[in-house]
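Here the structure comes first, spelled out in structure tokens, and everything after it is commentary.
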Amino acid sequence: ICISELLNAKHVQSLRHIREEEVSKLVSHVYANEGSIINLTKEIESVTIAIIARAANGKICKDQEAFMSTMEQMLVLLGGFSIADFYPSIKVLPLLTGMKSKLERAQRENDKILENMVKDHKENENKNGVTHEDFIDILLKTQKRDDLEIPLTHNNVKALIWVSMQFSLTLL
């Protein structure tokens with residue numbers, strides 16, 4: 001799906017306006033803060049995240065900040081040291097460290113946001129012909145196909161969105 005639908009030259013070119021808008025915002029922000037100290041690494045990371053999120057969702061997501069925050073939190077939690085990883089037979093350790101509850105809370109928050117994104121796309125599917133198909137539109141269109149060997153469920157769609165965003169964040 002990613003290679004044939006999202007990474008083809010035509011689709012990448014159709015997202016040019018998103019890249020241009022976000023970079024323009026960055027340049028305006030840097031210009032407005034002339035003479036001030038700016039963490040350019042953080043600003044470029046924010047622009048990259050915004051581009052990825054808009055390419056996936058087709059627009060600026062109202063929950064984008066919360067979504068990215070919980071995704072980054074999950075990356076830190078999953079990538080960090082946990083004593084429970086060294087003693088998997090002691091089932092109570094993840095509960096004592098709080099890792100399990102933090103991960104579950106972040107996952108529930110992400111799932112709510114993903115559910116809203118997919119629901120919003122399904123509701124707007126039949127309104128005003130889509131000019132730029134985004135990642136979610138392509139997944140929903142693929143989900144309706146009858147020729148798939150393995151059907152694409154609603155949870156699969158949300159998982160693919162999450163994984164693509166997570167993968168993009170790890171590249172930063």
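For the charge dipole of the range 60-167, defined by +1 on Lys and Arg C-beta atoms and -1 on Asp and Glu C-beta atoms about the Cα centroid, which residue among 87, 139, 66 has the Cα displaced farthest towards the positive pole?
With unit charges placed on the Cβ atoms, the residue in question is 87.
Among the listed pairs 42/112; 10/141; 10/59; 25/141; 25/102; 59/158, give every one whose C-alpha distance is greater than 28 Å. Present the calculation step by step, with values, prior to reporting the outcome.
Values: 42/112 26 Å; 10/141 18 Å; 10/59 19 Å; 25/141 32 Å; 25/102 33 Å; 59/158 17 Å.
Result: 25/141; 25/102 exceed 28 Å.
Do any chymotrypsin sites (Phe, Trp or Tyr not before Pro) in the range 77-146 lie in a loop, going by DSSP, with at most 13 other beta-carbon atoms within 10 Å of their beta carbon, and if so which? Write down the numbers at each step before the final one.
Values: sites: 81, 86, 135; in loops: 81.
Listed in order of number, the matching sites are 81.
Estimate the FRET efficiency between residue 59 and residue 34 by the formula 1/(1 + (r/R0)^6), using the beta-carbon distance for r and 30 Å for R0, to the nearest 0.05.
On the way: r = 30 Å, r/R0 = 1.00.
For residue 59 and residue 34, the calculated efficiency is 0.50.
For the pair residue 166 and residue 25, what calculated FRET efficiency results from E = 1/(1 + (r/R0)^6), where r is the Cβ-Cβ distance and R0 = 22 Å, to the nearest 0.05?
Values: r = 24 Å, r/R0 = 1.09.
With R0 = 22 Å, the Cβ-Cβ based efficiency is 0.40.
Relative contact order (percent) for the range 1-143, with alpha-carbon contacts under 8 angstrom and 6 or more residues of separation? Intermediate values should be presented prior to the final figure.
Numbers: 69 pairs, mean separation 40.9, N = 143.
Averaging sequence separation for qualifying contacts and normalising by length gives 29 percent for the range 1-143.
Considering all alpha-carbon pairs of the range 62-117, what whole percent are spaced by more than 15 angstrom?
Of all Cα-Cα distances in the range 62-117, 52 percent exceed 15 Å.
Once every DSSP H run of n ≥ 4 in the chain is given -39500 (n - 2.57) and the sum is divided by its residues, what mean residue ellipticity at 222 nm do you get, rounded to the nearest 500 deg cm²/dmol?
Working: 9 runs with 118 residues, N = 172.
Helices in the chain give a 222 nm mean residue ellipticity of -22000 deg cm²/dmol.
Tell me the per residue accessible area of the range 1-155 using a 1.4 Å probe; a whole number in Å² is fine. Before the final figure, lay out each step's value.
Numbers: 10570 Å² over 155 residues.
Value returned for the range 1-155: 68 Å² of accessible area per residue.
Leaving out same-chain residues fewer than 8 places away, which aspartates and glutamates sit with a Cα under 12 Å from that of residue 62?
Candidates past the 8-residue exclusion: 120.
From the phi of every residue in the range 34-50, what ³J(HN,Hα) in whole Hz does the Karplus formula 6.51 cos²θ - 1.76 cosθ + 1.60 yield, where θ is phi - 60° and glycine or proline is x?
Values per residue, Gly and Pro as x: 4, x, 8, 7, 10, 7, 5, 4, 5, 5, 5, 4, 5, 5, 4, 4, 4 Hz.
Computing the accessible area with a 1.4 Å probe over protein heavy atoms, can you report the carbon and sulfur percentage for the chain? Display every interim value, and only then the final one.
Working: 6660 of 11410 Å².
Roughly 58 percent, rounded to a whole number.
Considering only 13, 35, 165, whose Cα is most displaced toward the positive end of the charge dipole of the chain, charges sitting on Cβ of Lys, Arg (+1) and Asp, Glu (-1)?
In the chain, that residue is 165.
The values are calculated or read from the model by the stated rules, or taken from the named source; none is laboratory data. Small disclaimer: the values here were computed from a predicted structure and weren't measured. Here the Cβ is made from the backbone with ideal geometry for all residues, glycine too, and neighbour counts use every protein chain on show. Quick note on the areas: whole protein, heavy atoms, side chains included, nothing else; ligands and nucleic acids left out. Shrake-Rupley method; radii C 1.70, N 1.55, O 1.52, S 1.80 Å.
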